[in-house]
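Structure first, then comments.
The values are calculated or read from the model by the stated rules, or taken from the named source; none is laboratory data. The model shown is predicted, which means the values in this text are computed figures rather than measured ones. Cβ atoms come from the backbone with ideal geometry, glycine included; neighbour counts cover every protein chain shown. Protein only, heavy atoms only, side chains kept; ligands, DNA and RNA dropped before computing areas. Shrake-Rupley method; radii C 1.70, N 1.55, O 1.52, S 1.80 Å.
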Amino acid sequence: MVRNITVYLDSQQQEFYDSIRCGFIVAEDERGEESFHNNLLDSSEYHGIQELIDDIVGIFDVKRSRVLVAA
């Protein structure tokens, strides 16, 4: 079961775009073991952080408070 999720934004995103993209996701389970997910959202663009978090909450079936977005 996933305990925490850290989302790293795509650092290659052009600054003039009004959207964000997920670079990769790190999921941590209850034992503290991490798994890396590079292609779950596969270049999907979002208008805001909340939309991105909504998709991640749905994929991993976790509470919103368990998702951290690192810029």
Result of the Cβ filter at 8 Å on segment 46-71, keeping first residues that are without any contact (Cβ under 8 Å) to a residue 40 or more places away in the chain and partners that are open to solvent by 60 Å² or more (accessible area, probe 1.4 Å) and part of a helix (DSSP H, G or I), at least 6 apart or interchain, is Y46/D55; V57/R64
I want to confirm something. Restricting to segment 38-54 and keeping residues that are in a loop (DSSP other than H, G, I, E, B) and not hydroxyl-bearing (S, T, Y), which single residue is modelled with the lowest pLDDT? D42
Provide a single number: the residues in segment 1-29 that are modelled with pLDDT of 95 or more and more than 14 Å from I59 (Cα to Cα). 2
Answer with yes or no whether G23 is at positive phi, open to solvent by less than 100 Å² (accessible area, probe 1.4 Å) and not hydroxyl-bearing (S, T, Y). no
Across segment 1-35, what is the total count of residues that are within 18 Å of A71 (Cβ to Cβ) and either outside any loop (DSSP other than H, G, I, E, B) or touching a residue at least 40 places away in the same chain (Cβ under 8 Å) (or both)? 13
Hey, could you check segment 26-71 for residues that are among the aromatic types (F, W, Y) and within 20 Å of M1 (Cα to Cα) and say which is most open to solvent (accessible area, probe 1.4 Å)? F36
Is it fair to say V57 is assigned to a helix (DSSP H, G or I), in contact with a strand residue (DSSP E or B) (Cβ under 9 Å, 6 or more places away or on another chain), at pLDDT 95 or above and not hydroxyl-bearing (S, T, Y)? yes
